[in-house]
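Everything below concerns the one structure shown next.
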């Protein structure tokens, strides 16, 4: 049966979406129906607003897009009277995944409002979380400048490059979620991490990025929705545990790979990766409040606005809470062994029945062979074949078994014919031939094991 692709839209490729990317690389750990394949596509406009709008659109141009990774406050752009309503399924990023970085020449910044001491901020454009944060700096610090005078708008992914062109005397800072590049620049002494926004009262316990779909798709495809959320839940647990498999995947998937472990740790310390996928009501309220206060300077957060937040929670989050709860319950706490089970997108080898009987089978063949050939030749054959098998017992991952198989096969092909190709080696036939055959036996046993591992 041909795989059916479903498309998930993202604003831009971000390191903080690591659990999602890792889950996809592992085919969502088998939680999805077997005929479903997830594709992650970038939004052309690179804004949360456009990402959300395209996912919610009923236009034929976007009919394949059924889920999105976006700032969940975008749901306020859909009236609750609409037939197609958003469904917020899972938390991906909390505690504002942005860091304020500068050249380190400014005095100590005291909290979020202290960012108003800078003359410029490098941020993304309107329709993004970055821009909303920059606007809130303007409002909260009481700066008497227009947004265009304070905010240098750049395309997502360009904020650190643009900041690198600014000199310390320009008194600027950059807002960036690119924790991997920040870690690289920080370790090289190029920037100072002024403020992780996730630790500030204004952006702590805030739901920043969520997995969102729409009510019709969630109702029609419960198995797909559940499988995706469960896959993210497991990947999230492994990420927070700094699993070797996750770190190695990050090193293969992103630039500045040597900084992956440090970047993951920095994100964990800032509380960016949540403990589980459930959308906490307190996080949702904080996100709604931060969104409101970034846009309204003169009107305080009121009970009326809180009621609107409650209405959206009741319509767009609460009906789907059971999906996250089931994922948390069914995805057991990842053990140390499980964390080691995935490297380079391949599962670790399992202890199959063949692993137990292989050495005894080869040894039995050797005993029988002593009736027909010299005993020393049998000993050589057993040593070579069982040594290769022993190596596969000590290595952990499928790829390494594959390498042992190919090395054994190549050596068998090269060594076996030597006594007939080189005349003076013919007298060593009783030594060389068992070595060559031993490598063939090793290739056979490791080849069978590799094939069985792939099926598992």
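Among the residues of the range 187-210, what is the count of those that are more than 13 Å from residue 284 (Cα to Cα) and in contact with a helix residue (DSSP H, G or I) (Cβ under 9 Å, 6 or more places away or on another chain)?
14
This table checks each residue for (1) more than 22 Å from residue 69 (Cβ to Cβ); (2) surrounded by fewer than 17 Cβ atoms within 10 Å (Cβ to Cβ).
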| site | (1), (2) |
| --- | --- |
| 144 | yes, yes |
| 148 | yes, yes |
| 186 | yes, no |
| 189 | yes, yes |
| 196 | no, no |
| 199 | yes, yes |
| 209 | no, no |
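When you scan the range 121-219 for helices (runs of 4 or more DSSP H) that lie fully inside it, which ones turn up with 1 or more residues that are more than 25 Å from residue 56 (Cα to Cα) and either assigned by TED's automatic domain parsing to the domain that holds residue 251 or touching a residue at least 60 places away in the same chain (Cβ under 8 Å) (or both)? Step through it out loud before you land on a result.
Details: elements: 129-141, 147-150, 159-164, 179-187.
Helices (runs of 4 or more DSSP H) meeting the threshold: 129-141, 159-164, 179-187.
Just checking, which of 117, 108 is outside the structural domain of residue 318 (by TED's automatic domain parsing), within 29 Å of residue 201 (Cβ to Cβ) and free of Cβ contacts under 8 Å to residues at least 24 places away in the same chain? So that I can check it myself, show each step before the final result.
Working: 117 fails: free of Cβ contacts under 8 Å to residues at least 24 places away in the same chain.
Going through 117, 108 in turn, the sole match is 108.
Of the conditions (1) touching a strand residue (DSSP E or B) at 6+ places or on another chain (Cβ under 8 Å); (2) over 23 Å from residue 233 (Cα atoms), residue 319 fails just one. Which one is it?
(2)
Could you tell me whether the range 226-237 includes any residue that is under 29 Å from residue 75 (Cβ atoms), without any contact (Cβ under 8 Å) to a residue 40 or more places away in the chain and assigned to a helix (DSSP H, G or I)?
No, the conditions are met nowhere in the range 226-237.
Using the structure shown, decide if residue 287 is in contact (Cβ under 8 Å) with a residue 12 or more places away in the chain, closer than 14 Å to residue 92 by Cβ and not in a helix (DSSP H, G or I).
It is false that residue 287 is in contact (Cβ under 8 Å) with a residue 12 or more places away in the chain, closer than 14 Å to residue 92 by Cβ and not in a helix (DSSP H, G or I).
Residues are listed down the side, and each one gets a yes or a no for (1) within 18 Å of the chain's Cα centre (by Cα); (2) touching a residue at least 60 places away in the same chain (Cβ under 8 Å); (3) not in a helix (DSSP H, G or I):
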position	(1), (2), (3)
32	yes, yes, yes
38	yes, yes, yes
44	no, no, yes
113	no, no, no
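Does any residue of the range 74-94 turn out to be in a loop (DSSP other than H, G, I, E, B), within 25 Å of the chain's Cα centre (by Cα) and closer than 30 Å to residue 217 by Cβ?
So far as the range 74-94 goes, no, none of its residues is in a loop (DSSP other than H, G, I, E, B), within 25 Å of the chain's Cα centre (by Cα) and closer than 30 Å to residue 217 by Cβ.
Look at residue 93 and say whether it is touching a helix residue (DSSP H, G or I) at 6+ places or on another chain (Cβ under 6 Å) and within 30 Å of residue 234 (Cα to Cα). If you could, list the steps in order and put the result at the bottom.
On the way: touching a helix residue (DSSP H, G or I) at 6+ places or on another chain (Cβ under 6 Å): yes; within 30 Å of residue 234 (Cα to Cα): yes.
Against the criterion (touching a helix residue (DSSP H, G or I) at 6+ places or on another chain (Cβ under 6 Å) and within 30 Å of residue 234 (Cα to Cα)), residue 93 qualifies.
Residue 47: at pLDDT 95 or above and assigned by TED's automatic domain parsing to the domain that holds residue 215, yes or no?
When the stated conditions are applied, residue 47 does not pass them.
With the requirement that a residue be over 14 Å from the mean Cα position of the chain (by Cα) and outside any helix (DSSP H, G or I), what does the range 256-276 give you?
Those that are over 14 Å from the mean Cα position of the chain (by Cα) and outside any helix (DSSP H, G or I): 256, 270, 271, 275, 276.
Quick grid of which residues meet (1) at pLDDT below 85; (2) outside the structural domain of residue 308 (by TED's automatic domain parsing); (3) crowded, with 23+ Cβ neighbours inside 10 Å; (4) within 18 Å of residue 97 (Cβ to Cβ):
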position	(1), (2), (3), (4)
247	no, no, no, no
262	no, no, no, yes
266	no, no, no, yes
272	no, no, yes, yes
275	no, no, no, yes
287	no, no, yes, yes
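If you go through the range 251-279, how many residues are closer than 15 Å to residue 16 by Cβ and out of contact with any helix residue (DSSP H, G or I) (no Cβ under 8 Å at 6 or more places or on another chain)?
Total meeting the criteria: 2.
The values are calculated or read from the model by the stated rules, or taken from the named source; none is laboratory data. Every value quoted in this text rests on a predicted model; they were computed, and no experiment measured them. Cβ atoms come from the backbone with ideal geometry, glycine included; neighbour counts cover every protein chain shown.
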